[in-house]
């Protein structure tokens, strides 16, 4: 690690990456390679001797980039976005450069303390209740932490809630514990239940439909809880979603919170995608009721210009997390930790080691400011509203669920008297559109209908990209309808 | 994300990082700040408006760096190393630049395929048995995957083993499942047991002592298993360690493997630290017996020049992992996945999202070659052997456990007839040495004795740094012994 060689090589890599962004629209946004393509291009053993950086960069250009699906392309409208930005990228660079492993405060005090501070900044920007702050109104009981992903966020709070109730009712009650969410909750919840040793049958994914726009009905929840209690089961965890993956449905937090409170259930809110919008006053109402929840999660790495991974989790009762996740081996003991003078985030997460992820989030906040981030979000919502309008103007299509943020759910209507009720048609439309390489969108199923999802959120996307995407969708629809 | 602004700003960050490495020895290696230092230096809210990169870089220099513990300093001998290298850093840069989220093959085929290929390369370099390869001798049953940390590696195989046995004996047997390891196993195992819903009493950390150099005794294991079976419990998981955290003890894999096989127990090997050495023919014998294990883990981010995080896990039965960790929501379905034509690594890990981590490992292998990596490891082992010699020459000290790799365990002997049996003395010596800021070492406890650990492994460390560290240790010892 010679500093001058680092300088020289890293400058080369900067130019490589800047050139990549300059030409990003030249690549098919969805990689068009076939399974196994790379094995044919690379040798079957690691080299014994060093190669030059130039050869490696050539291989990246010729062999790796064709196999990349370009999440940063302005033509990327799939899944949810995964924002990269200059600030986020610089933060990742610095984090990789320092390459510290911040499991305990002592292993880099700045890593722990910057995380605590920045999570408090965000709690304030989101107007979260005081008991989610690490410092401030109610000191030291709650707090924020950066997890890798929303999957890990829901897992750690599920474990904290599990162990909290088991300490009260005894370990043998594990097979009686019941988890609630809507059938629109992210699959991460189901995975967390698998991991935590729960009876998979007792992960109740309550049915939703278009009557509530796919939001969880408080009545349905109440009934399920009553029925489970009557059967001798123990309700203990509720996960609500603000901005579901399929259609950005918003579960009604205030009504659900009342039920959770009455039944002494840990109430977690997954706002992985839509949380970012809630820093805008006009969208903040979607998390009204958050005062009454136990934990809250949003992904800064989705729609908040912070490079992957950076998932923000706040809890009101940090001790529950720590009791579930702490270990205290001799070789990690130190004065600051033993004296309870500091936060050791290793006890708030699954892994031991952790990267210096707060740097990138801090740099995003510093270099763009909250107003810059609000414009970013509003700009995408405006483009999504425009796309929704375009869909509405073409009578061959319909919008399938109300647009709340920057996702539009829509489908091509099957021709009258068609045997196919539209699912195959839309499946084919998706494949046809994505095979062009000029646009990438994905799908879901709502009430049995195959639906296309148009998720605006890539930082480079402009109105002209939305127009081109719509043109391709229309053209491919015309071709499909003509051939059917 | 303007490509020219990215270029300009990233070049600035490269110079900042290269200058950091140029001056890295000017910082105290262990940060000397007090808890809460950063809160006094930063405002209590996020800024509303953008600031300049230069202001942010100034703040990093003046406010963040004093709170950093410099894992890349040549004077860092604490815990285990966390290598950064030019190649590893460039790989992180590129991964952050592309910023893809590679949960499924389709989300960037190159990310999945490069990972598969590079893990096969490493399997070959380590001479792992054919059934650990994704491709090759026994296609498609086993395979390698990059986890974030060894904690996640042991967790996912523990879950796979748990669900495999529960499918056979029924879910209600969960409270009867028994896990075995030595009392030297990493605390990650205990944490994994907490997460997986096991009875913590049934995580048997079997006693070791100096008679086996802190390695797990096959006889002790056999007895424990027999006794548990006699009590109606179900042994199902064994974790052995090659290179324990406290003293780099090596559990005897062949003898343990026999016992595991007889009892149909999943046998996992944690070689997080020492695995790197096993690419050298002269150290490969430490993992003899790996042919008979079910899963094997080494951390490329420790001692293999690959920036954190990058933990390599191989399994013989990928289907066990996938059965425990897969979910298949509609919104992630795609032709390649549904057709079982590809690997979707989301089903081999805890989180859904994943970074393009294979890039940095591939670049490390390309830019240094296996021979370069072997020299890297040998060079550190040589320095550790030299340090061991220095300790041996000073009769006030003793080496506390045999040195096998690049860690030396030693302690200052208490003066004759001292009331303190040395624990306070060594505790004070550690504090005194670390407060100089010129060296950072950590400690452990072996057989009740407080032991100092001198772990060589930072890429910048040279013989002269070892000499200086030893001089400081001797000087501080002299001062302590005189004042006592």
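What number of residues within segment A:453-479 satisfy the criterion of being over 23 Å from residue A:276 (Cβ atoms) and buried (at least 16 other Cβ atoms within 10 Å of the Cβ)?
Looking only at segment A:453-479, we keep the residues that are over 23 Å from residue A:276 (Cβ atoms), and these are A:464, A:467-468, A:470-479.
Narrowing the set further to residues that are buried (at least 16 other Cβ atoms within 10 Å of the Cβ) leaves A:470, A:472-474, A:476-477.
The total comes to 6.
Would you check which residues across segment B:32-77 are at the interface with chain A (Cβ under 8 Å from one of its Cβ atoms), in contact (Cβ under 8 Å) with a residue 40 or more places away in the chain, closer than 19 Å to residue B:439 by Cβ and not in a loop (DSSP other than H, G, I, E, B) and list them?
Within segment B:32-77, just B:65 meets the criteria.
Report those helices (runs of 4 or more DSSP H) wholly inside segment A:292-394 carrying at least 1 residues which are without any contact (Cβ under 8 Å) to a residue 12 or more places away in the chain.
On the way: elements: A:300-303, A:318-325, A:335-338, A:358-393.
Per the criteria, A:335-338, A:358-393.
In segment A:403-438, which residues are in a loop (DSSP other than H, G, I, E, B) and within 23 Å of residue A:384 (Cβ to Cβ)? Quick ask: steps written out before the conclusion?
So in segment A:403-438, the residues in a loop (DSSP other than H, G, I, E, B) come out as A:403-406, A:413-422, A:435-438.
A:403, A:404, A:405, A:406, A:413, A:422, A:436, A:437, A:438 - these are the residues of segment A:403-438 that are in a loop (DSSP other than H, G, I, E, B) and within 23 Å of residue A:384 (Cβ to Cβ).
Taking only segment A:322-340 into account, find how many residues are more than 9 Å from chain B (Cβ to nearest Cβ) and within 31 Å of the chain's Cα centre (by Cα).
2
Given the options A:45, A:85, A:3, A:52, name the one that is more than 29 Å from residue B:341 (Cβ to Cβ) and surrounded by fewer than 16 Cβ atoms within 10 Å (Cβ to Cβ). Outline the logic, then answer.
Numbers: A:45 fails: more than 29 Å from residue B:341 (Cβ to Cβ); A:85 fails: surrounded by fewer than 16 Cβ atoms within 10 Å (Cβ to Cβ); A:3 fails: surrounded by fewer than 16 Cβ atoms within 10 Å (Cβ to Cβ).
Answer to the selection: A:52.
Taking segment A:96-120 as the search range and keeping residues that are part of a loop (DSSP other than H, G, I, E, B) and at the interface with chain B (Cβ under 7 Å from one of its Cβ atoms), which one is surrounded by the fewest Cβ atoms within 10 Å (Cβ to Cβ)? Spell out the reasoning first.
Just the residues of segment A:96-120 that are part of a loop (DSSP other than H, G, I, E, B), to begin with: A:99-104, A:108.
Now drop any that are not at the interface with chain B (Cβ under 7 Å from one of its Cβ atoms), which leaves A:99-101, A:108.
Numbers: A:99: 22, A:100: 24, A:101: 25, A:108: 25.
Once the filter is applied, the top-ranked residue is A:99.
When the residues of segment B:121-160 are narrowed to those that are in a helix (DSSP H, G or I) and modelled with pLDDT under 95, which ends up farthest from residue B:179 (Cα to Cα)?
Taking segment B:121-160 first, the residues in a helix (DSSP H, G or I) are B:121-125, B:130-132, B:150-160.
Narrowing further to those that are modelled with pLDDT under 95: B:130-131.
Working: B:130: 27, B:131: 24 Å.
Of everything passing the filter in segment B:121-160, B:130 is farthest from residue B:179 (Cα to Cα).
When you go through (1) surrounded by 15 or more Cβ atoms within 10 Å (Cβ to Cβ); (2) more than 11 Å from every other protein chain (Cβ to nearest Cβ) one by one for residue A:370, which number turns out not to apply?
Looking at each condition in turn, residue A:370 falls short on (2).
Exactly one condition in (1) over 30 Å from residue A:58 (Cα atoms); (2) surrounded by fewer than 20 Cβ atoms within 10 Å (Cβ to Cβ); (3) at the interface with chain A (Cβ under 9 Å from one of its Cβ atoms) is not met by residue B:350; state its number.
Result: residue B:350 passes all but (2).
Within segment B:18-31, track down each residue that is without any contact (Cβ under 8 Å) to a residue 12 or more places away in the chain and facing chain A (nearest Cβ under 7 Å). Talk me through it step by step, then tell me what you get.
Narrowing segment B:18-31 to residues without any contact (Cβ under 8 Å) to a residue 12 or more places away in the chain: B:18-19, B:22-23, B:26.
Within segment B:18-31, B:18, B:22 meet the criteria.
Yes or no: segment B:161-168 includes at least one residue that is farther than 15 Å from residue B:324 by Cβ, more than 10 Å from chain A (Cβ to nearest Cβ), out of contact with any helix residue (DSSP H, G or I) (no Cβ under 8 Å at 6 or more places or on another chain) and surrounded by fewer than 17 Cβ atoms within 10 Å (Cβ to Cβ).
No, segment B:161-168 contains no residue that is farther than 15 Å from residue B:324 by Cβ, more than 10 Å from chain A (Cβ to nearest Cβ), out of contact with any helix residue (DSSP H, G or I) (no Cβ under 8 Å at 6 or more places or on another chain) and surrounded by fewer than 17 Cβ atoms within 10 Å (Cβ to Cβ).
Select from segment A:392-421 the residues that are closer than 22 Å to residue B:335 by Cα and in contact with a strand residue (DSSP E or B) (Cβ under 6 Å, 6 or more places away or on another chain) and write down the one among them that is surrounded by the fewest Cβ atoms within 10 Å (Cβ to Cβ).
A:411
If you go through segment A:319-342 one residue at a time, how many are touching a helix residue (DSSP H, G or I) at 6+ places or on another chain (Cβ under 8 Å), surrounded by 14 or more Cβ atoms within 10 Å (Cβ to Cβ) and more than 24 Å from residue A:159 (Cβ to Cβ)?
Matching residues across segment A:319-342 total 2.
Has segment A:439-449 got any residue that is crowded, with 22+ Cβ neighbours inside 10 Å and assigned to a loop (DSSP other than H, G, I, E, B)?
Checking segment A:439-449: at least one residue is crowded, with 22+ Cβ neighbours inside 10 Å and assigned to a loop (DSSP other than H, G, I, E, B).
Please work out which residue is nearest to the chain's Cα centre (by Cα), limiting yourself to segment B:78-94 and to residues that are within 20 Å of residue A:5 (Cα to Cα) and more than 7 Å from chain A (Cβ to nearest Cβ).
Ranking the candidates gives B:83 first.
The values are calculated or read from the model by the stated rules, or taken from the named source; none is laboratory data. Quick caveat, the model's predicted, so the values are computed rather than measured. All Cβ positions, even for glycine, are placed from backbone atoms using ideal geometry, and neighbour counts span all protein chains on display.
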